[in-house]
Every structure is written in C-alpha cells, then in structure tokens.
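The values are calculated or read from the model by the stated rules, or taken from the named source; none is laboratory data. The structure displayed is predicted, hence computed values, not measured ones. Positions of Cβ are generated from backbone atoms using ideal geometry, with glycine treated the same way; all protein chains shown enter the neighbour counts. These area figures cover heavy atoms from the full protein model, side chains too; ligands, DNA and RNA do not enter into them. Shrake-Rupley method; radii C 1.70, N 1.55, O 1.52, S 1.80 Å.
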Amino acid sequence: MHIRFGFEIAYDLPAPTSMVLLLLTRPEYAARLRRPEVIRHNAGPGVETKTFRDPFGNHAARLHAPAGTLVLSLESLCEVSGEYDAVRPDATQHEIADLPNDVLSFLLPSRYCENDRLGAFAWSRFGHIPPGWGRAQAVCDYVHQHLRFNYKLARPTRTAFDAWEEGIGVCRDFTHLSIALCRSLNIPARYATGYLGDIGVPRDPAPMDFSAWFEAYLDGQWFTFDARHNRPRIGRIVMARGRDAADCALTTTFGPHILRSFQVITEEVPAPTPGEPSLVLA
C-alpha cells in the first residue's frame, strides 16, 4: 500500500524567528519512502534548513526565518504494509526489574502526564485486571469513554490530570491520559504523533490533521494503542516519539507568531510507475 502524505503550514512572523521542526518522518521510514522527503519553505535561498537527531531519535530540523509570512510544505510517498495495528491479547507485562534501561524513563511523570497524581485512581480502577495487554486495553476503553472529543476546546496547556477532571479533549489529551494511567500501573508508555488517514474506516468530513496515539511496552516490544479511535487502524506513519507532546511538538517557534493556515494530506494512492512525475500538494 502506498500513502501520499504531506502538509502546508503558514505562519506570520513579526520578527526574525528561530524554529525547530519535527515535520519529517522517523528515520526508520527512510527505506519505505518512494519519493524524497524535503521540507520546502519560501524564506529565501539564504535560509538553510539543518537536520539533526533529537534525544529521542526523531528526525528534526531547524531554521532561522526572516520576518514575514513563512510557508512550510512537504509532499512524499510512503509504502506501508496495509495491515491493521497489531493486537496481541497474550502479551505480558514486565516486572520493572526486567525492563531495559532505555525503557525506564517511560514510567516516570512528565510535563503532560502526571501519573503521580493519577496513581491512586488507576489502581482502584484497573488494579483487579491481570497485568498485560488486557490492562492496557482497559485503560484505552476507559479513556475512550471518559473523554469527549471537542476540537474547538483544545488548549496547549491541558494535562492528563486536567483532561481526566474536565472529561474533554482532543487526540493528544486522549493520549496523555492513557499514558499517565498506564505508567501509574507500571506499564511503560510513550507518545507518538504522525499521519493517520481514513483508510479502512468511513471518511471523516472534518479537515485532516496530524494525529497522536501511544505505544505501550509489553512482551519485549512496543505496541500501538489509540484511545481516541480505540480500534486497530491501517497506515500510521510516525513522525515523532517521546515522553509526551512536549517532546514531540511538530513546530517549536522561539518568538511571537500567528498561525495563518494549516493543511495536512494523508491518502492511499496507486503504486507509482517508473518515470511518473512527483505529486504536488495542492
């Protein structure tokens, strides 16, 4: 299966501004890309986009843009398996003493995931469920039912605890609450963000956006869970992973700015033929 993906994002910058971008796919997708993945901008030939790997292994970029309207865009093509997210009801939960060292940090509280404030509730609600896949899925079921999705009420400062109290959120809030509850139950959990198109499900009439979900470490590997949709999906393309959204902000702007426009495209397309010209993001 081939997925055309990309974006066009425009900012008004009142002054020269430095930015860090997590707008490229994770490095492990390099072998699956069927067209070059390049962030394009209108800032002029003297503005260089420099790429690097951040502490979580994400493929990051930085630039220093002049004042004015900055337009960032990208369009590429990725080959994916076409299979649904893996479901492993028999996956076991590790004892903390047996976890790899690089997994331990995903048990700790973070900026948006205050499992230290949700621990008592988590154990009272889920402690009777045997450790493993069933407990992680029970967290997903609860968050899916407890939170009401409302894009208009999104706010960047809402934490997992806030979402739990308010009963409302967007995909990042569903993800943060799920992560905090899993960590409370000693299930390592990390934040993931990227593209998720309406493939294998009814098309959502709302404009496409980037999506967020989480991954839980069970039985020696990371598995995808998505409390917002709470069903296996096809065609996820990961852009960034981290402890929470603070580690995975797709754009970080060091200065005042106004978001002028925002467009995301994720769609299944036929396999390319040799010599076929590159698609252009409309």
>> Among the residues in region 45-56, are any surrounded by fewer than 17 Cβ atoms within 10 Å (Cβ to Cβ), on the phi > 0 side of the Ramachandran plot and not charged (D, E, K, R)?
In response: no
> Which residues, counting only those in region 7-43, are part of a strand (DSSP E or B), open to solvent by 30 Å² or more (accessible area, probe 1.4 Å) and of a type in the set (A, V, I, L, M)?
Replying inline: V20, L33
> Does R172 qualify as being closer than 15 Å to H229 by Cβ, charged (D, E, K, R) and at pLDDT 95 or above?
Replying inline: yes
>> Out of everything in region 174-203 that is closer than 22 Å to N150 by Cα and of a type in the set (D, E, K, R), what residue ends up being most open to solvent (accessible area, probe 1.4 Å)?
In response: R203
> If you go through region 49-84, how many residues are more than 30 Å from D219 (Cα to Cα) and assigned to a loop (DSSP other than H, G, I, E, B)?
Replying inline: 3
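Can you tell me which residue among V80, V143, V71 is open to solvent by less than 80 Å² (accessible area, probe 1.4 Å), out of contact with any Ser or Thr (no Cβ under 9 Å at 6 or more places or on another chain) and of a type outside the set (D, E, K, R)? Show your work before the answer.
Numbers: V143 fails: out of contact with any Ser or Thr (no Cβ under 9 Å at 6 or more places or on another chain); V71 fails: out of contact with any Ser or Thr (no Cβ under 9 Å at 6 or more places or on another chain).
Among V80, V143, V71, only V80 is open to solvent by less than 80 Å² (accessible area, probe 1.4 Å), out of contact with any Ser or Thr (no Cβ under 9 Å at 6 or more places or on another chain) and of a type outside the set (D, E, K, R).
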>> Checking the structure you have, find out if any residue of region 109-131 is open to solvent by 30 Å² or more (accessible area, probe 1.4 Å), touching a residue at least 60 places away in the same chain (Cβ under 8 Å) and in a loop (DSSP other than H, G, I, E, B).
In response: yes
> Among the listed residues G132, G82, which satisfies the condition of being of a type outside the set (F, W, Y), modelled with pLDDT under 95 and over 30 Å from G255 (Cβ atoms)?
Replying inline: G82
> Here are some conditions: (1) free of Cβ contacts under 8 Å to residues at least 12 places away in the same chain; (2) more than 21 Å from V238 (Cβ to Cβ); (3) assigned to a strand (DSSP E or B). G46 meets all but one. Which one does it not meet?
Replying inline: (3)
> Taking region 39-77 as the search range and keeping residues that are β-branched (V, I, T) and at pLDDT below 95, which one is nearest to the chain's Cα centre (by Cα)?
Replying inline: T49
> Which ones in region 229-249 are open to solvent by 30 Å² or more (accessible area, probe 1.4 Å) and within 24 Å of P205 (Cβ to Cβ)?
Replying inline: H229, N230, R231, P232
>> Quick test for you: out of V103, V87, pick the one residue that is open to solvent by less than 30 Å² (accessible area, probe 1.4 Å) and not in a strand (DSSP E or B).
In response: V103
